[in-house]
Amino acid sequence: MTDRMARGATDRGWAWAIVIGVTVINLAVLPVQQCFGLIFTDRFTNLNITATQTSLILHLNGTITCSLGLISGPMMKRFSFRQVAYFGSLTVVLGICASAFAVSLPTLIITYCVIIGIGQGIIFPATTLALNTYFRKKRKVAMSFSVTLTGLGPILMPLLIDVLLENFATTGALLILAGIASHSLVGASLLKPFEKQKEIPLVTKPIDASRQKKLHNAEANVESAIQNKLLSGERNKEEEPSNHYSKTIENDVRNERFSFFRKIVANMDLDLLRDNRYIIIVIGMGVSLVAETNFNATIPFVLTELANLDRTSIATVMSIQAAADITGRLCIPLLAQKTGWTCRNLYVISLLGSTLGRTILSTWGNTYVVVIGVALIVGLAKGTKAVFQALIIPDYVPLERLPAASGIQMVCNGILSISVGPIIGLVHDSTDSYVGALYFTSFLSLTCVFLWLIGGLWTPGRSKNTLKLNYPGLSEEQENSREKNITA
C-alpha cells in the first residue's frame with residue numbers, strides 16, 4: 001500500500017525514479033543518432049554516398065520516427081508507457097545490430113531509417129508521457145534534470161566511438177553500441193504505470209429497516225415505469241408503416257458512419273487542428289527541428305570539409321560542444337526562473353544562438369580556435385533548446401490531450417523532415433560546399449522565429465506572453481487558471 005501510494009504521488013516519491021528511467025533510456029538509445037556523422041563517415045565515403053543521400057538517410061529516419069506520433073495517442077490509451085518502452089527498446093537494439101551489416105544505400109535505409117526509426121518513434125512518446133504524468137509543479141526541474149544527465153552522453157560517446165572505430169571499424173562499433181542500447185530495457189523497467197492514491201471511504205451510518213424498505217419499493221416503482229414505457233414504445237413501433245422502417249435504417253447507417261469518423265477524431269483529438277496558434281507552434285518547431293537536427297548530425301562532415309580536421313580532432317570538438325551543452329542545460333533554467341522568461345522566449349534565443357554559431361563557422365571556419373568558439377556557442381544554444389523544447393507543448397495543452405498533441409506534432413515534424421531536410425544536402429551538392437548549406441540551415445531556424453513573431457507567440461522585450469486555447473467544457477474560472485499556468 002505504501003509503494004502504491006508513493007507511485008500515485010506527483011512531484012515526489014517514485015516520480016524521481018521515472019526521471020532516472022527516462023535518462024537511462026536516452027543515454028542508451030541516442031548515441032547512434034547523436035554521433036551519426038562520426039560513425040558512418042568512413043562507410044559513406046567507401047560507398048560514395050553523396051550529401052543529398054546522407055540527408056535523405058538522416059531525415060527519413062526522423063520522418064519514420066515522427067510518423068508514429070499519430071498513433072501514439074491511441075497506443076498510450078491501450079498500453080502503459082512501460083510496455084511501450086519495452087517494445088521500442090527491443091526494436092532499436094535490433095535496428096542497430098542490423099545496421100552494423102548494412103553495406104549499401106537500400107540496406108541502410110531499411111535498418112537505420114526504418115527499424116531504428118520505428119523504435120525511437122515508440123520510445124520517445126512513452127518517456128515524455130511518463131515525465132509529464134508524474135510531475136506537475138516540478139515539471140521544469142524534472143525535465144532539466146533529465147536532459148542534463150542525458151547530455152553527459154555526448155561528452156564521452158564521441159571519444160569512445162573514435163576508439164571503437166579505430167579498433168573494431170564501423171561494424172564492430174555498431175555491435176558494441178547495440179549492447180549499450182540494450183540497457184534501455186533497465187530504464188523501461190522503472191517506468192511503472194501511474195496509480196492514483198485511493199480515497200479513504202467515508203463511514204456512514206447504517207440505514208434502518210423501514211427506510212430500507214421504502215427505498216426498495218421506490219426502486220421497484222421506477223423499474224416498473226421504465227418497463228411499461230418500453231412496452232408501449234414497442235407497440236407504437238409495430239403500428240408504424242414499413243416505409244418508416246426503411247427511413248429509420250438509412251438514418252441508422254448514416255449515423256453509424258458519422259459516429260465512426262467522430263471516434264477517429266475523438267481518439268486522435270484532431271480538434272486541436274482548429275487552433276491556429278497550436279498549428280503555428282507545431283510548424284515553427286518542426287522547421288527549426290529539421291535545421292538543428294541536420295546541422296548537429298552533419299558536424300563531422302562540415303568540419304572535415306571547412307576545417308580539414310581529422311576524426312580524433314572532430315571527436316574532441318564534439319565533446320567540447322557537449323560540455324557547453326551541459327552548461328546550458330544547468331544554468332539557463334536557473335536564469336530563466338529568476339528573469340521569468342517563458343519556454344518560447346528561450347527557445348527562440350537558442351535558435352538565434354545556433355544561427356550565430358553557424359554564421360561564424362561558415363565565414364571563419366578554417367581556424368581551429370574559431371571552431372572551438374563555435375562549439376561553445378552552439379553547445380549553449382543546443383542545451384537551452386533541449387530543456388525548453390520539450391515543455392512548449394505540455395505548457396500549452398492539458399495533460400489529457402498531451403499524447404494527441406505530441407502525436408500531431410511528431411507527424412508534422414516527420415512531414416517537414418522528409419520534404420525540407422534533403423534540400424539541405426541538395427544545396428551542398430549544387431554548390432559543392434557546406435557554406436551554402438549552413439546559410440540555408442540558418443534560414444530554416446529563423447523561419448520559426450518569424451512565424452512565432454507574426455503569430456503573436458513571441459514578442460521581443462516581453463517576458464510573458466499569454467496563450468489561450470479554447471477547450472470545450474472548461475468554465476471561465478478554469479480557463480483563467482490555465483492561462484496562469486501557461487505564463488508561469
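The values are calculated or read from the model by the stated rules, or taken from the named source; none is laboratory data. Here the structure is a predicted model, which is why all the values come from computation and not from measurement. Because the Cβ atoms are built from the backbone with ideal geometry, glycine has one as well, and the counts that use them run over all protein chains shown. Just so you know, the surface numbers come from the protein's heavy atoms only, side chains and all, with ligands and any DNA or RNA stripped out. Shrake-Rupley method; radii C 1.70, N 1.55, O 1.52, S 1.80 Å.
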Query raised in the report: Can you run phi through the Karplus equation (6.51, -1.76, 1.60; θ = phi - 60°) for region 35-47 and list ³J(HN,Hα) in whole Hz, with x for Gly and Pro?
Result: 10, 3, x, 5, 6, 9, 4, 5, 5, 5, 5, 5, 8
Report task. Determine the share of region 17-156's accessible area contributed by carbon and sulfur atoms, expressed in whole percent, with a 1.4 angstrom probe. Result -> 72 percent
Query raised in the report: Want the number for residue 429 to residue 45: 0.36 nm per residue separation, take away the alpha-carbon distance, what's left?
Result: 136.8 nm
Requested in this report: Classify region 314-376 as rounded, prolate or oblate from the Cα gyration tensor: take a ≥ b ≥ c as the square roots of its eigenvalues, call it rounded if a/c is under 1.5, otherwise prolate when a/b beats b/c and oblate if not.
Outcome: oblate
Requested in this report: Determine, from the Cβ-Cβ distance of residue 359 and residue 279 and an R0 of 22 Å, the FRET efficiency 1/(1 + (r/R0)^6), rounded to the nearest 0.05.
Outcome: 0.15
Query raised in the report: Given the Cα-Cα distance of residue 137 and residue 415 and 0.36 nm per residue of separation, how much length would full extension add, in nm?
Result: 96.7 nm
Query - Gain in span if fully extended, residue 370 to residue 270, counting 0.36 nm per residue against the direct Cα distance - result: 31.3 nm
